[in-house]
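Beneath this line is the structure, given in structure tokens, with notes to follow.
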Amino acid sequence: MTTYTSRLSALRVGGAHKRWTGGRRVRRVAMLSVHTSPLHQPGTGDAGGMNVYMVELARRLAERDIEVEIFTRATAGALPCKVELAPGVSVRHVSAGPYEGLAKEDLPAQLCAFTHGVMQAWAGHRPGYYDLVHSHYWLSGQVGWLAAQRWGVPLVHAMHTMAKVKNAALAEGDCPEPSARVIGESQIVSAADRLIANTVEEAGELIRHYGAAPGKVSVVHPGVNLDRFRPDRGGRAAARARLSLPQDALIPLFAGRIQPLKAPDVLIRAVAVLLDEDPSLRERIVVPVVGGPSGSGLAKPEALHKLAAQLGVADVVRFQPPVDQDRLADWYRAATVLVMPSHSESFGLVAIEAQACGTPVIAAAVGGLPVAVRDGHTGFLVSGHDPRDYAATLRRFVDQPRLGETLGAAAAKHARDFGWGTAAADTAKAYAEAGSAHRRHLRSAHA
Ligand code: UDP
């Protein structure tokens with residue numbers, strides 16, 4: 001692993017990159033997102049970090065003169081065929097199966113229909129219209145595999161999450177990902193010209209679990225929109241006033257899709273431990289849970305409410321439906337600390353967004369979170385999911401009232417290293433590398 005890691009660190013795009021000389025410059029990308037639309041509200045259902053990732057990345061690529069068309073499955077009848085999202089970025093709605101009533105798990109049966117829609121759009125253009133296919137999540141990778149081969153262009157793929165990684169870290173009672181997904185992911189790993197991983201850790205997972213060739217993987221850290229997520233002039237007090245939250249309260253915040261994988265239950269249990277140990281805190285603690293049910297959490301949308309009631313902390317927990325990102329920035333600013341006890345996390349955008357707003361993070365030491373959070377500087381990483389450990393870490397914010405401020409200042413500084421501009425520049429380099437790999441394959445096939 002150490003060898004892989006050091007090799008992959010060198011691959012952090014920008015290091016080993018050579019220009020795609022002799023090949024076509026990438027001017028137009030067909031970006032594929034079968035199961036979720038970049039136009040959906042993130043924080044509930046199938047919409048989350050990947051949606052934000054695509055929107056922010058596509059905008060920044062367009063600023064670099066790389067036009068992006070995002071293909072997604074139509075989930076309502078009244079949707080226009082094509083929507084302009086930003087200059088140089090459009091979303092194309094593809095008819096594939098009924099608009100409503102299909103879960104993500106049903107979509108493998110719709111991949112032929114989706115591919116048909118993508119091919120139809122392509123057939124309406126002059127030859128060579130798209131220079132590259134960039135697929136997101138394994139369902140899109142399956143479509144991208146065929147489209148890229150048919151069009152004679154490179155395929156770049158980002159997994160976002162991987163079945164084998166999720167299955168290795170399941171929450172108690174959560175459903176494992178099916179073997180069909182593992183097979184599909186393995187096929188994409190060998191078909192893609194370039195794989196984009198969020199972190200060196202994720203690159204290692206692609207290599208260890210799926211046999212990806214190390215030289216095929218580019219590590220591109222996701223970014224954060226630093227114009228939107230930033231400390232506010234009025235500080236925490238102003239944000240609390242805007243959200244009608246008490247000024248002197250301890251506010252540990254959970255934000256994101258509510259499902260066992262994200263472990264919001266660990267925060268609720270930790271709060272119960274904290275209140276058991278120090279009942280006087282009850283008067284001055286508020287625990288907002290911002291987001292909506294998702295994934296296996298959809299089967300029991302009331303589970304977290306029931307848990308809070310069973311543990312006797314329902315009076316301090318405030319469930320909030322998902323909010324737009326400007327509003328979410330206020331929740332981050334108002335919080336004492338963001339708590340992210342996930343069992344598995346490819347990166348964890350909310351961790352970096354909260355820090356960009358000047359709020360420290362307590363996170364599980366899993367996946368990309370150790371990259372997003374600097375332990376002891378911008379927050380704390382906790383090993384495992386024992387609520388007592390999270391309670392003890394929260395307790396530090398009670399005992400040291402200045403702790404949040406100190407860590408928060410360092411967090412805002414740390415987050416500034418994660419702009420989307422850098423992510424787009426690194427992605428453009430990965431595109432160039434995919435082009436070189438693609439042409440190498442073509443040459444060896446002809447030879
Ligand atoms: N989010 C949002 N509104 C909400 C909750 C979350 O817009 O009410 C966004 C949040 O800003 C973040 C994304 O949803 O960009 C969640 O991304 P993350 O990587 O943390 O988790 P994922 O959904 O990818 O598992």
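Rule-based calculations on the coordinates, nothing more; no lab input. Owing to the predicted nature of the structure, the values given are computational and were not obtained by experimental measurement. Glycine gets a Cβ as well: all are built from the backbone with ideal geometry, and neighbour counts include every protein chain shown.
Computed from Cα positions, the angle between helix 111-123 and the longest principal axis of the chain comes to roughly 60 degrees. Cross-link partners for Lys82 among the aspartates and glutamates, with Cα-Cα distance under 19 Å and sequence neighbours closer than 8 places in the same chain left out: Glu56, Glu67, Glu69.
Give, rounded to the nearest 20 debye, the magnitude of the charge dipole that region 235-415 has about its Cα centre when Lys and Arg contribute +1 at Cβ and Asp and Glu contribute -1 at Cβ. Intermediate results must be reported in sequence, preceding the final value.
Details: 19 positive and 18 negative charges, 49 e Å.
Around 240 debye, computed over region 235-415.
Between Gly77, Gly97, Gly43, the Gaussian network model of the chain with springs among Cα atoms under 10 angstrom shows the greatest mean-square fluctuation at Gly77.
Taking square-rooted eigenvalues a ≥ b ≥ c of the alpha carbon gyration tensor, is region 235-415 rounded, prolate or oblate, where a/c under 1.5 means rounded and, failing that, a/b exceeding b/c means prolate? Present the calculation step by step, with values, prior to reporting the outcome.
Values: a/c = 1.24, a/b = 1.10, b/c = 1.13.
The shape class here is rounded.
In terms of packing, defined here as the mean over residues of other Cβ atoms within 10 angstrom, the peptides 381-393, 233-245, 157-169 line up highest first as 157-169, 381-393, 233-245.
Just how far, in whole angstrom, is region 248-296 from region 120-176 if you go by their alpha carbon centroids? Here the two parts' Cα centres lie 35 Å apart.
Quote to one decimal, in nm, the extra length available between Asp276 and Ala237 on full extension: 0.36 nm per residue of separation minus the C-alpha distance between them.
On the way: separation 39, 0.36 × 39 = 14.04 nm, distance 2.80 nm.
Once the chain is fully extended between Asp276 and Ala237, it gains 11.2 nm.
In order along region 319-328, the Karplus-derived 3J(HN,Hα) couplings, from 6.51 cos²θ - 1.76 cosθ + 1.60 at θ = phi - 60°, round to 7, 10, x, x, 10, 6, 5, 5, 5, 4 Hz, and Gly and Pro are given as x.
Let me spell out the model: positive unit charges on the Cβ of Lys and Arg, negative unit charges on the Cβ of Asp and Glu, origin at the Cα centre of the chain. What dipole size does that give, in debye rounded to 20? List each step's numbers first, then the result.
On the way: 50 positive and 42 negative charges, 328 e Å.
Magnitude of the dipole: close to 1580 debye.
Annotation: for a label point projected 7 angstrom from Cα along Cα→Cβ of Ala103, residues of region 281-299 with backbone N closer than 19 Å are 292-299.
Taking 31 Å as the limit for the C-alpha separation, the pairs Lys216/Lys300; Lys166/Lys300; Lys262/Lys413; Lys164/Lys413; Lys306/Lys413 exceed it in the case of Lys216/Lys300; Lys164/Lys413; Lys306/Lys413.
Considering only Met31, Pro98, Gly297, the residue lying farthest towards the positive end of the dipole of the chain is Met31, judged by Cα position with unit charges set on Cβ.
Between Leu307, Leu253, Leu111, find the one with the highest GNM mean-square fluctuation for the chain; connect C-alpha pairs within less than 10 Å. Of Leu307, Leu253, Leu111, the most mobile in the Gaussian network model is Leu307.
Fewest to most neighbouring Cβ within 10 Å: what's the order for Val361, Val398, Val313? Each step should come with its number before you reach the end.
On the way: Val361 29, Val398 15, Val313 22.
Least to most surrounded, the residues fall as Val398, Val313, Val361.
Phi angles of region 389-399 translate, via the Karplus equation with coefficients 6.51, -1.76, 1.60 and θ = phi - 60°, into HN-Hα couplings of 5, 5, 5, 5, 6, 4, 4, 4, 6, 6, 6 Hz per residue; Gly and Pro are given as x.
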